[in-house]
Amino acid sequence: GKGLELAIEAMREVADVVPSAVLVIAGRTHPGESRRNGEQYRNSLVAQVDRLGLGEHVRFIDSFLPVEAIADVLAATDVFVTPYINAEQIVSGALTFAVAAGCPVVSSEYLYAQDLLSSGAGTVVGGRRPASFARAILAYATDDAFRAEARSEASRIAAGMHWAAVGQQVADLADVLRTRSMTEGPFHVVDIERARSALVGRRSVARKPLVSLPASGSSMGSGHRHERIAASLPHPSVPLVHLRRLIDGTGIVQHATGIVPLLSSGYCVDDVARLIPIGKRFEADSYWDRVTARAVAFVANAFDPDGVGLALRSGDRMHNFMAFDRSWSDRPNFGDHVGRAAVGLASVVHDERYAPVCEPILRAVFRDVPSGPAIHPVAYTLLAQSVAPWLTTRDVMAERVGVLMDHLDANSHDAWFWFEDSVRYDAGMLPEALFAGGVALDDDRAVEAALRALRWLDEQCDRGNYVRFNGHLGMRRGQSTVGTGDEQPLEAHALVRAHARAWEATGVRWFRDRAALTHTWFHGRNRLGVAVGDDDGGCFDGLSTHGVNRNQGAESTLAFVSSALTVERIHLAGPATAMIADSAEQPADRPSAVH
């Protein structure tokens, strides 16, 4: 049932293109198979290798591998292959290990592989044709950027596979069931499914058309209620005490134990890039001016760690994680951090002091972002392009808008209007990016689709006088936000930004009021009624079933501060006065239109 003969057959074509390629088949024959049929299957594979003349390209490790040995093999693996025959297979320990090790995967079309690899950690090959497997393997073997993108997604998935994460998921589910049984009485699984279907049906009927937006200044949908709520909210000026605790002479420390920075966690480009527009916002203060300069230097070093001068070309990648001793702790790769770096640099590229460093990096990122299965890097890059359009071309921006529109068209059916078959992290950024690109290109279809996606996402989160975000586990098609894991501050910030951008561009007050209401999630207007942000401007790392994760890391604190500054800005300024990136005015010598 392993289908290894298919992988061996595929190696003929792989070896022709990559002469150094080696297929490693590791592990002993299963004891049950060995008792029934001896080594008949293994011997047939060895004979197949000899018959095809692949002795230099196929190696067998015929021994039981403990976890440490499996880790060694996977560390040396560029592509992991599972050509299993049983299409109904719902679990694979080997595949789980491979993804946890960050290996891109090529797999036959069985259930577990389809589920685990759907977000881009690998390729599922339909049918049982060796040529199809060979092409999929070669796509990773010959394209470093594509392979790195899959590695990045595999690593992201792996974070939810550790026992602590799985245990928390089970605990959350148990608590949901316990709460429901206490408030609703005994129930069965079939009742939950029926209720879920009814809920989806009601949303479908209740959805309001978005083709015709109200005139500027009017409310939208249930906007009168939200206007009353927003009118009672203070402008969220936020202190920066905890943010300064996390910042040092290198960047911003990733994690904290309570309020104490966890130095061993080091730094990452994702967080330092988010710090840049905040530092720029307070540049009149010499402390924050220095913070901005160091943050730009950190991101530039991630591209060019040896200081030999930028020689960026297609396929170049960047580091993301730096240890506390200032050594890069990862291999350069292409992931979301590249797009987030572009957004951060774009927020200061207007400043002539930073332009010489930022411009060559932005030009390279704008030119070379691959349009693979992962759409977040494409969306981040499109956001950055909308802020610095003179560094790109109209055709490149149109291509990125097209990628987002294609994903939206392919995945939207019935009551689901979204870019993917699940709502995952940083969700509000996707409609924001499509909206920004559509506005820059005067693409009415893209603008309308972005606003509709934003309204759809808002409806999934709407609980009347508060919002509930999809959790860290993601919300799949047909699911509500309940039971999707811990709510994270990043989601609140993303939805605030998206609404703020829509307000600034359209003048429709409903968007401004929704941004203000969404921000109050930090101050306790949430499902538990507990504050997530504190009086020092620190932010707890998540809202779980029972309360808050009291650690206050960089991502959460940056989300809280940025959200507060965004809402403060849109209440003090009118629509269409500033872009959401908190950037300065474009210099006079920069053309404002996309050429």
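The values are calculated or read from the model by the stated rules, or taken from the named source; none is laboratory data. Since this is a predicted model, take the numbers as computed values, not measurements. Note: ideal-geometry Cβ built from the backbone for every residue, glycine included; neighbour counts use all protein chains shown. Just the protein is used for accessible areas: all its heavy atoms, side chains included, with ligands, DNA and RNA removed. Shrake-Rupley method; radii C 1.70, N 1.55, O 1.52, S 1.80 Å.
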>> Which numbered condition in (1) buried (at least 23 other Cβ atoms within 10 Å of the Cβ); (2) at pLDDT 95 or above is the only one that F321 fails?
In response: (1)
> Looking only at the stretch 333-354, which residues are open to solvent by 10 Å² or more (accessible area, probe 1.4 Å) and either more than 22 Å from the chain's Cα centre (by Cα) or free of Cβ contacts under 8 Å to residues at least 40 places away in the same chain (or both)?
Replying inline: H350, D351, E352, R353, Y354
> Any idea how many residues of the stretch 257-290 are polar (S, T, N, Q) and over 16 Å from T557 (Cβ atoms)?
Replying inline: 2
> How many residues are in contact (Cβ under 8 Å) with a residue 12 or more places away in the chain, open to solvent by 40 Å² or more (accessible area, probe 1.4 Å) and in a loop (DSSP other than H, G, I, E, B) if we restrict to the stretch 61-75?
Replying inline: 3
>> Tell me whether the stretch 431-442 contains one or more residues that are assigned to a loop (DSSP other than H, G, I, E, B) and farther than 21 Å from R512 by Cα.
In response: yes
>> Looking at the stretch 519-535, I want the residues that are closer than 20 Å to H571 by Cα and among the basic types (K, R) and have a partner that is modelled with pLDDT under 95 and open to solvent by 50 Å² or more (accessible area, probe 1.4 Å) with Cβ atoms under 6 Å, at least 6 apart or on another chain. Which pairs are those?
In response: R525/Y466
>> Against the condition basic (K, R), modelled with pLDDT of 90 or more, at negative phi and touching a strand residue (DSSP E or B) at 6+ places or on another chain (Cβ under 9 Å), how does R59 come out, does it pass?
In response: yes
>> Given the criterion surrounded by 11 or more Cβ atoms within 10 Å (Cβ to Cβ) and closer than 22 Å to A148 by Cβ, identify the matching residue among V46, V58, V17.
In response: V17
>> The conditions are (1) hydroxyl-bearing (S, T, Y); (2) at pLDDT below 90; (3) more than 18 Å from V125 (Cα to Cα), and S92 fails exactly one of them. Which is it?
In response: (3)
>> For the stretch 535-555, which positions are within 21 Å of R468 (Cβ to Cβ) and open to solvent by 10 Å² or more (accessible area, probe 1.4 Å)?
In response: F540, D541, S544, T545, H546, G547, V548, N549, R550, E555
